[in-house]
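Comments concern the structure below.
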Amino acid sequence: MVGYSLYFFTYSTWKGRSVFMEDLYVMPEYRGKGIGKGLLSKVAQVGKEKQCVRLQFSVLDWNTPSLDFYITKGAQDLTASEGWHSLRFSGEALDKLASEAPED
């Protein structure tokens, strides 16, 4: 194995079915050989076959090589263009939130 992509399907109430790419990784010694582009294209192809209207994913702000790679392929940076923020509950905050759920 030289790389992988992990993805799953989601649904947008405004747009419909989407594919979310959780991870795309190519071993460093194999980068620059088109493997990442091939993996990304394959995820897009699977999404289109499943009638997805978009492919979404996140990139850490310090990962400029990956961010640049996706932008050159036509990805739109939603943080800059639409002001979306990625949020998370974990640890104690998730525990507290879950404990406040109403009883069934």
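Filtering segment 7-34 to residues that are over 16 Å from Tyr70 (Cβ atoms) and exposed (fewer than 12 other Cβ atoms within 10 Å of the Cβ) leaves Phe8, Tyr11, Thr13, Trp14, Lys15, Gly16, Met27, Pro28, Glu29. Criterion first (of a type in the set (Gly, Ala, Ser), outside any loop (DSSP other than H, G, I, E, B), under 22 Å from Met1 (Cβ atoms) and free of Cβ contacts under 8 Å to residues at least 12 places away in the same chain) does Gly32 satisfy it? Spelling it out, it is not the case that Gly32 is of a type in the set (Gly, Ala, Ser), outside any loop (DSSP other than H, G, I, E, B), under 22 Å from Met1 (Cβ atoms) and free of Cβ contacts under 8 Å to residues at least 12 places away in the same chain.
Would a scan of segment 72-84 turn up a residue that is acidic (Asp, Glu) and over 20 Å from Ala44 (Cα atoms)? Even if it seems obvious, please write down each step before you answer.
We begin by selecting, within segment 72-84, every residue acidic (Asp, Glu); these are 77, 82.
Remaining after also requiring over 20 Å from Ala44 (Cα atoms): 82.
Scanning segment 72-84 turns up at least one residue that is acidic (Asp, Glu) and over 20 Å from Ala44 (Cα atoms).
Within segment 49-77, the set of residues being outside any loop (DSSP other than H, G, I, E, B) and closer than 13 Å to Phe8 by Cα comprises Arg54, Leu55, Gln56. On the basis of being assigned to a helix (DSSP H, G or I) and either out of contact with any Pro (no Cβ under 9 Å at 6 or more places or on another chain) or within 30 Å of Met1 (Cβ to Cβ) (or both), does Glu22 make the cut? No.
Of the candidates Ser18, Ser5, Ser41, the single residue that is free of Cβ contacts under 8 Å to residues at least 40 places away in the same chain and touching a Cys at 6+ places or on another chain (Cβ under 7 Å) is Ser18.
Only the coordinates and a few stated rules stand behind these numbers; no lab work does. Just so you know, these numbers come straight off a predicted model, no measurement behind them. All Cβ positions, even for glycine, are placed from backbone atoms using ideal geometry, and neighbour counts span all protein chains on display.
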